[in-house]
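Below you'll find the structure, written out as structure tokens, and then a few comments.
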Amino acid sequence: RERAPQENADPAALRDGRGYQSADAMRAGASHAGASRVRGLTRMSIETITIRRGPGGLGLELSDANLVVSQSGQPELRIGDIVVAVDGVELAGKYLGSVIDQAAGEYVFTVSREPKASAAALEMALRGLGADLYSPNLDDVDAAPTPAVRARVMAVLGALEALGTQVAPADANTERLGFWKLLLGEGAVVNDGFSGMCAMPGVELIAQWQCFGEGEGMPQLQTVEIVADPLLGRYCVATLKGTFESEASGECVSVDAERYSRLVLDGAPQSSNPRTFSRTCTYLSASLRIVRPADREKEFCAYWRTSPQAATAEIGQLADKPIRSSGGVGRRVDEDDSMPMWQQRQMEVDDENINQVESGIP
């Protein structure tokens, strides 16, 4: 909903739902010069839409770049529209809430729907929502998105996916190279991860990174997962290594196959059956990648591009960080801290099994 005007409000306040900036009077029926400036935007995809004020206001939320991030009260607008003029007068960088006549009941918005400009503004809005901080299940509850913010993030991601084929890079394989950190997601990957570690009782995926690199014959892929293991009271590092194959598709950016042949847990190689995951890339830019399982359209993962240095630092910090105990099982007092964590956990599981047999509890 539109909020009451606020004097000297920060333009970013709208992102937090605190309302529009204070409004200066601006009359409908713009000057001829202003209208001419708007007509100069014809090289972009421009639409004019009549906006009417309802009992609860305009029913809009805009970023400080005048990007529509919520339009429940104005169905003709789209998330991702950029408002460039009101009543024929170009905003010219001014925030919409600071110039519209709050007493008017109707406006004519001129909006840009140029795909590349909309995608860039949507990515900027995503960062403005704090989305560079998110991981699926971080212990730090202050870093996790609130339900309201998550809903906005989901809406922005959906708008980006709708633009995916229009703004896809000419060479998706080259654009994909490098390090990516899981930002947000829903479904099996977020709940279970790729490594299979989360199949063990109480183990939870905390963060995930992927690295795509060039290789001889097939592109190389490495996925690193941080999982929280309450039996150990620490984080474990699971690394999967394999290859990657991608095919172009007219309906999406690409159809991808991630094939893993090796699993390393806390630095120790593990016996593991080969795993293949088929995913559809629905959006890809220099900064953001969105993928969905090929057979489960409601699930998704969104990744931010990161640097090797940042990824290595974050993985190291989490690997050395204790987690809060979920109660009950603690570490052995005679435990050798130099022992790999996968071996420590196996000892804990063995102890649990022995205790169950001795107590008669199945």
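The strands (runs of 3 or more DSSP E) located wholly in region 201-274 that include 2 or more residues which are open to solvent by less than 20 Å² (accessible area, probe 1.4 Å) and out of contact with any Asp or Glu (no Cβ under 7 Å at 6 or more places or on another chain) occupy 204-213, 220-229, 234-248, 254-265. Counting only residues that are touching a residue at least 24 places away in the same chain (Cβ under 8 Å) and more than 19 Å from Ala168 (Cα to Cα), region 294-306 holds 4 of them.
Kindly evaluate Arg53 against the criterion of being open to solvent by 30 Å² or more (accessible area, probe 1.4 Å) and within 24 Å of Glu161 (Cα to Cα). Write out each step before concluding.
Details: open to solvent by 30 Å² or more (accessible area, probe 1.4 Å): yes; within 24 Å of Glu161 (Cα to Cα): no.
Considered against the rule, which asks whether it is open to solvent by 30 Å² or more (accessible area, probe 1.4 Å) and within 24 Å of Glu161 (Cα to Cα), Arg53 comes out as no.
Scanning region 254-288 for residues that are in contact with a Leu (Cβ under 9 Å, 6 or more places away or on another chain) and of a type in the set (Lys, Arg), we see that the one that is farthest from Leu183 (Cα to Cα) is Arg262.
The one condition from (1) modelled with pLDDT of 90 or more; (2) open to solvent by less than 40 Å² (accessible area, probe 1.4 Å); (3) aromatic (Phe, Trp, Tyr) that Phe179 does not meet is (2).
Just to check your reading of the model, which residue among Gly158, Gly164, Gly193 is under 19 Å from Tyr134 (Cβ atoms) and either open to solvent by less than 20 Å² (accessible area, probe 1.4 Å) or among the charged types (D, E, K, R) (or both)?
Step by step, each of Gly158, Gly164, Gly193 is checked, and only Gly193 is under 19 Å from Tyr134 (Cβ atoms) and either open to solvent by less than 20 Å² (accessible area, probe 1.4 Å) or among the charged types (D, E, K, R) (or both).
Matching residues to (1) among the acidic types (Asp, Glu); (2) at pLDDT 90 or above; (3) within 27 Å of Thr165 (Cα to Cα):
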position: Leu221; (1), (2), (3): no, yes, yes
position: Val224; (1), (2), (3): no, yes, no
position: Asp229; (1), (2), (3): yes, no, no
position: Leu240; (1), (2), (3): no, yes, no
position: Ser271; (1), (2), (3): no, no, no
position: Ala286; (1), (2), (3): no, yes, yes
position: Arg292; (1), (2), (3): no, yes, yes
position: Trp304; (1), (2), (3): no, yes, yes
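Of all residue pairs spaced 6 or more apart or on separate chains, those with beta-carbon atoms under 9 Å, a first member in region 186-203 that is more than 17 Å from Leu240 (Cβ to Cβ) and a second member that is buried (at least 19 other Cβ atoms within 10 Å of the Cβ) and acidic (Asp, Glu) are Gly202/Asp229. For region 126-138, the criterion of being in contact with a Leu (Cβ under 7 Å, 6 or more places away or on another chain) and modelled with pLDDT of 90 or more is satisfied by no residue at all. Return yes or no: is Arg113 within 16 Å of the chain's Cα centre (by Cα) and surrounded by 15 or more Cβ atoms within 10 Å (Cβ to Cβ)? No; evaluated as a whole, the condition is false for this residue.
For region 70-90, residues that are open to solvent by less than 20 Å² (accessible area, probe 1.4 Å), within 12 Å of Leu122 (Cα to Cα) and in contact (Cβ under 8 Å) with a residue 40 or more places away in the chain total 1. On inspection, Asp171 fails the criterion of being under 23 Å from Thr243 (Cβ atoms), acidic (Asp, Glu) and surrounded by 15 or more Cβ atoms within 10 Å (Cβ to Cβ).
Residues of region 96-134 that are part of a loop (DSSP other than H, G, I, E, B) and in contact with a helix residue (DSSP H, G or I) (Cβ under 9 Å, 6 or more places away or on another chain): Leu129, Gly130, Tyr134.
Scan Gly128, Gly59, Gly97, Gly93 and give me the residue that is farther than 30 Å from Val203 by Cα and touching a strand residue (DSSP E or B) at 6+ places or on another chain (Cβ under 7 Å). The conditions single out Gly97.
The values are calculated or read from the model by the stated rules, or taken from the named source; none is laboratory data. Predicted, not measured: the structure shown is a model, and the values here were computed from it. With ideal geometry, Cβ positions are generated from the backbone for all residues, glycine too; neighbour counts draw on all protein chains shown. These area figures cover heavy atoms from the full protein model, side chains too; ligands, DNA and RNA do not enter into them. Shrake-Rupley method; radii C 1.70, N 1.55, O 1.52, S 1.80 Å.
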